[in-house]
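Visitor: Below are the structure tokens for one structure; questions will follow.
Each value in this text was obtained by applying a stated rule to the coordinates, not by laboratory testing. Quick caveat: nothing in here was measured; it's all calculated off a predicted structure. All Cβ positions, glycine included, derive from the backbone under ideal geometry; neighbour counts span all protein chains shown.
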Amino acid sequence: MKILTILYTLAVFALPVFAQSEIETIKKANDLIANKKYESAFSLLHNYDPENNNSEIILLKVDIAMNYFVSSIMHQMFAFKDLDSNENIMDYRGKEGDYGMYAFAIDSVLNNLIKKEPGNCKLYRGLGEFYYIAYLMYAGKWLKEDSELFKLIETNNQKAIDGNCADFFTFHTMGFVVINQEKYKEAIPFFMKSIELNKDFGNSYYNLGIAYLHTDDIENAIKYTMLSIDIFNDFSSISDAARMLGHIYSDLNDDTNSVFYYEIADKYDSVNYNNIKPMLNIYVKTGNPKFLETTKRFFNMDPVNPTIYTDLQNIFFNNDKGDFLIDFYKEQLAAYKDNDNVTGNINFFLGNIFLGTDKKLSKEYYLKSKALFTKVYAPDHEVFKAIEDGLKQAEE
């Protein structure tokens with residue numbers, strides 16, 4: 001197996017390119033970025049200002065590091081790669097390869113510059129953005145506690161706002177911090193300002209929808225979440241927004257719109273438990289024939305996970321369709337006849353189902369389950385205690 005090889009460039013620096021002006025260097029770097037030559041761009045800037053003293057050069061390095069890295073070590077060291085025009089950085093992110101690795105502790109670099117240029121609000125904006133990205137990537141595992149990160153995001157963003165150099169992302173991250181403090185009403189103006197500055201940033205619409213949802217303004221929650229779906233271009237975000245709309249309409253007892261959006265969510269993320277479960281519930285509730293295939297999909301997601309069985313039992317019995325589930329389990333006993341773990345689970349949950357109506361049959365299923373699980377688990381596994389508890393109830 002090929003191991004990730006990192007070519008360290010920590011101590012060997014080229015001499016500053018004095019013959020090239022700052023403006024020329026920045027222009028050339030931006031041209032390289034536009035052509036996806038990310039390592040070349042970072043290296044050019046790094047060689048021009050190896051001591052990290054030039055704020056404009058540093059801010060462009062920060063932009064490259066946060067948006068175009070291939071791999072990162074706690075966002076203190078970054079690896080970059082030059083790409084071809086038809087390649088995407090996500091094709092390489094987190095994957096093995098030979099990359100140049102640069103030491104670039106963004107927070108330390110920006111804080112040092114702020115000491116020299118305390119009036120440069122662009123530095124505060126960059127620092128606030130960095131702490132936000134660090135939280136998203138390393139929540140609970142970074143060099144600072146999450147609570148401290150939130151304070152740093154808020155403090156630096158506010159200084160950027162006060163200095164009149166905040167951009168749409170500054171206001172978005174401010175709203176994000178406030179919403180994570182469950183101050184939903186206070187978050188709304190930040191997201192609105194972010195949208196005013198950039199109408200094409202879907203996250204602000206989506207989070208604004210969340211803020212409105214938690215302030216019981218359902219009309220605006222639906223409006224802005226719908227708008228986010230139109231703007232998002234990545235499948236995961238579209239699925240998240242559609243799922244939220246499915247949830248909202250479900251709370252409104254609007255099964256038609258609810259299942260419509262759950263189906264959109266499922267279309268863009270077809271292996272997501274949180275998409276399939278509520279969609280299946282509506283199918284079963286309304287008698288939609290799609291429930292047949294969806295039941296199989298849901299079961300096959302993880303047929304040895306007890307949560308799947310509990311969910312199926314709740315869905316079908318709460319909607320008075322328990323007989324279908326029993327027949328379905330019997331079909332799966334045949335389909336999974338060579339898998340002792342799956343058939344052990346099916347027999348166990350059939351035992352649970354019949355415990356209240358046919359204790360003799362329930363006992364038979366529990367005993368079959370016990371025999372099958374004996375081939376799978378050690379005698380002290382917790383499943384055997386659950387089986388014994390079931391057998392005691394079946395004997396009563």
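Visitor: So how do 338-345, 249-256 stack up, highest first, on mean other-Cβ count within 10 Å?
Guide: Details: 338-345: 18.2, 249-256: 13.4.
Highest to lowest by the protection proxy: 338-345, 249-256.
Visitor: Taking only DSSP H segments of four or more residues, each worth -39500 (n - 2.57), what value at 222 nm results for the chain once the sum is divided by all its residues, to the nearest 500 deg cm²/dmol?
Guide: Computed mean residue ellipticity for the chain: -21500 deg cm²/dmol.
Visitor: For the chain, set up a GNM with springs between Cα atoms under 10 Å and report which of 248, 264, 308 has the largest fluctuation.
Guide: Comparing 248, 264, 308 in a Gaussian network model of the chain, the most mobile one is 308.
Visitor: Further, regarding this structure: Tell me, how many Å apart are the Cα centres for segment 50-69 and for segment 103-117?
Guide: 10 Å
Visitor: How do 214, 75 line up, fewest other C-beta atoms within 10 Å first?
Guide: 214, 75
Visitor: Considering Cα pairs under 8 angstrom that are at least six residues apart, work out the relative contact order of segment 161-259 and quote it in whole percent.
Guide: Taking the mean separation of contacting Cα pairs over the length of segment 161-259, I get 18 percent.
Visitor: Label segment 205-267 by shape, choosing from rounded, prolate and oblate, from the square roots a ≥ b ≥ c of the eigenvalues of the Cα gyration tensor; if a/c is under 1.5 it is rounded, and otherwise prolate applies when a/b is larger than b/c, oblate when it is not. Walk me through the intermediate numbers first.
Guide: Working: a/c = 2.24, a/b = 1.09, b/c = 2.07.
Verdict is oblate for segment 205-267.
Visitor: Which one of 53, 112, 86 has the biggest mean-square fluctuation once the chain is modelled by GNM with Cα springs under 10 Å?
Guide: Comparing 53, 112, 86 in a Gaussian network model of the chain, the most mobile one is 86.
Visitor: Quick one: which of 359/392; 337/375; 296/321; 185/223; 61/199; 277/321 span more than 19 angstrom between C-alpha atoms?
Guide: 61/199
Visitor: Moving on to the next point. Roughly how many whole Å is it from the C-alpha centroid of segment 241-287 to that of segment 137-192?
Guide: If we compute the Cα centre of each part, the gap is 31 Å.
Visitor: Given contacts defined as C-alpha pairs under 8 Å and at least six residues apart, what's the relative contact order of segment 154-210, whole-number percent?
Guide: Once divided by the residue count of segment 154-210, the mean separation gives 30 percent.
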